[in-house]
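**Q** Structure provided below as structure tokens; questions to follow.
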């Protein structure tokens, strides 16, 4: 289980890559922590050293409109492919929106739609 102090430290690290410590992301880090042998501080340092390897992007990190919602497949972070803004004028949503696209190593895609 992730302590409150470690949660804050991890959040500071993963927020730099556009992720959050909720849901599947929390499960991912809890799984890593279960197998990690070292102190909490060493674990946070381990995450800092590897976060870019786990949370990969094609070009740039997501510019979320709302809360970060990094996608996972089979318990692992997916690759962020990109985002496409959808203006309110398109008539699809009540306000400006954006579609965020993710791809797994085995070809599964997931999209997140966020509306302002």
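The values are calculated or read from the model by the stated rules, or taken from the named source; none is laboratory data. Since this is a predicted model, take the numbers as computed values, not measurements. All Cβ positions, even for glycine, are placed from backbone atoms using ideal geometry, and neighbour counts span all protein chains on display.
**Q** Check segment 81-94 and report whether any residue there is surrounded by fewer than 17 Cβ atoms within 10 Å (Cβ to Cβ) and in contact with a helix residue (DSSP H, G or I) (Cβ under 6 Å, 6 or more places away or on another chain).
**A** Among the residues of segment 81-94, not one is surrounded by fewer than 17 Cβ atoms within 10 Å (Cβ to Cβ) and in contact with a helix residue (DSSP H, G or I) (Cβ under 6 Å, 6 or more places away or on another chain), which makes the answer no.
**Q** Given the criteria buried (at least 17 other Cβ atoms within 10 Å of the Cβ) and out of contact with any helix residue (DSSP H, G or I) (no Cβ under 8 Å at 6 or more places or on another chain), does residue 70 qualify?
**A** no
**Q** Continuing with the same structure: Return the total of residues in segment 8-27 being touching a helix residue (DSSP H, G or I) at 6+ places or on another chain (Cβ under 9 Å) and part of a loop (DSSP other than H, G, I, E, B).
**A** Within segment 8-27, residues that are touching a helix residue (DSSP H, G or I) at 6+ places or on another chain (Cβ under 9 Å) and part of a loop (DSSP other than H, G, I, E, B) number 3.
**Q** Give the residues of segment 28-44 that are surrounded by 12 or more Cβ atoms within 10 Å (Cβ to Cβ) and part of a helix (DSSP H, G or I), sorted by residue number.
**A** 28, 29, 30, 31, 32, 33, 40, 43, 44, listed by residue number.
**Q** Considering only residues that are in contact with a strand residue (DSSP E or B) (Cβ under 8 Å, 6 or more places away or on another chain) and part of a loop (DSSP other than H, G, I, E, B), which ones fall in segment 61-74?
**A** Listed by number, the residues that qualify are 61, 62, 63, 64, 65, 66, 69, 70, 71.
**Q** Looking at 50, 9, which one is over 23 Å from residue 114 (Cβ atoms), within 15 Å of the chain's Cα centre (by Cα) and not assigned by TED's automatic domain parsing to the domain that holds residue 104?
**A** Exactly one of 50, 9 is over 23 Å from residue 114 (Cβ atoms), within 15 Å of the chain's Cα centre (by Cα) and not assigned by TED's automatic domain parsing to the domain that holds residue 104, namely 50.
**Q** Since residue 31 meets every condition but one in (1) assigned by TED's automatic domain parsing to the domain that holds residue 116; (2) within 26 Å of residue 107 (Cβ to Cβ), which condition does it not meet?
**A** Just one mismatch for residue 31, condition (1).
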